[in-house]
């Protein structure tokens with residue numbers, strides 16, 4: 001995931017808004033679970049950390065341990081080092097970039113612990129917002145040079161050099177820190193918050209691997225080769241709904257390159273063959289360029305609810321196989337809403353700051369989530385029992 005952002009002093013449900021509007025849309029909240037404030041990843045491809053950490057912050061609230069602003073950049077820094085180690089070990093045959101996956105957050109919990117953001121901001125390079133172009137370039141050049149092994153023997157100190165770059169940009173990692181008047185280590189702070197790596201599970205839905213078994217999703221940012229359990233799409237959607245209904249939130253890896261993902265807080269999959277979307281002159285529509293069709297569809301989206309495609313398992317697979325669905329953004333699903341026609345939408349916390357019509361919140365249609373979900377992470381306790389049984393996780 002590479003994309004580059006309550007609202008009160010406590011949690012977002014403090015908004016308490018029963019209906020929200022933008023041009024042509026009106027949403028009514030059906031179910032809303034607590035999330036922390038909207039963050040801004042700035043000019044960095046670290047959505048995976050912002051959404052993964054946001055998910056964990058909601059977990060802490062759900063467990064009754066209060067609201068805490070956790071450090072995204074501590075996780076980013078640790079993962080840069082881990083990624084560099086694997087990159088050199090496999091001779092440079094690994095994606096080394098700013099992107100990552102939810103496994104980089106969940107699978108490192110017990111090993112690295114967590115920091116509050118105030119104790120580790122990762123802004124040690126003269127900026128007030130995150131800008132990772134320079135540090136990525138520096139790190140990439142360094143690990144590429146090491147992996148070329150020009151001395152015919154890789155030195156035992158190369159990781160010290162890498163950590164020197166990381167310390168310069170993100171800051172050295174303290175062994176202890178003060179928080180609310182008490183001293184903690186990253187590990188003791190993790191235990192205080194009740195966060196355990198084994199409590200979380202990744203799910204996906206594709207047909208090129210057997211259902212109800214785990215596999216490593218074949219995407220560049222899954223550099224850890226982490227496993228996700230494979231479910232039929234209808235069961236994955238049922239799992240999302242069950243989790244939300246039971247008070248959990250969902251870490252959501254998705255694709256936001258679709259025409260229907262607007263910068264104004266909407267995510268839909270318009271049916272570009274539906275007469276109500278394209279107009280009555282079919283011949284004229286067929287004569288338009290793809291750019292002209294996209295502009296027309298965008299204008300229809302802004303006018304109000306559009307007719308959407310009926311999504312199937314086969315459509316998901318074709319889009320994945322053709323690289324039309326890629327893992328390019330991570331966000332957090334925390335609720336369900338309906339539009340004025342009764343259509344279902346998921347309430348999504350983004351990390352692009354308080355942008356768009358809903359100040360950093362997106363409304364993603366059921367069709368969009370069904371079509372464009374690459375994977376999700378949930379608490380194991382959020383799995384419906386019958387699905388847990390099928391996965392052998394009773």
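The values are calculated or read from the model by the stated rules, or taken from the named source; none is laboratory data. Model, not experiment: these values are computed from the prediction. Glycine gets a Cβ as well: all are built from the backbone with ideal geometry, and neighbour counts include every protein chain shown.
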Filter result (in a loop (DSSP other than H, G, I, E, B) and within 18 Å of residue 340 (Cβ to Cβ)) within region 23-48: 23, 24
Flag if residue 345 is at pLDDT 95 or above and under 18 Å from residue 311 (Cα atoms): yes
Residue within region 23-39 that is surrounded by fewer than 18 Cβ atoms within 10 Å (Cβ to Cβ), out of contact with any strand residue (DSSP E or B) (no Cβ under 6 Å at 6 or more places or on another chain) and at pLDDT below 95 present: yes
Criterion (under 23 Å from the mean Cα position of the chain (by Cα) and under 14 Å from residue 262 (Cβ atoms)) met by exactly one of 379, 350, 322: 350
Region 146-193: number of residues that are touching a strand residue (DSSP E or B) at 6+ places or on another chain (Cβ under 8 Å), closer than 30 Å to residue 229 by Cα and surrounded by fewer than 18 Cβ atoms within 10 Å (Cβ to Cβ): 1
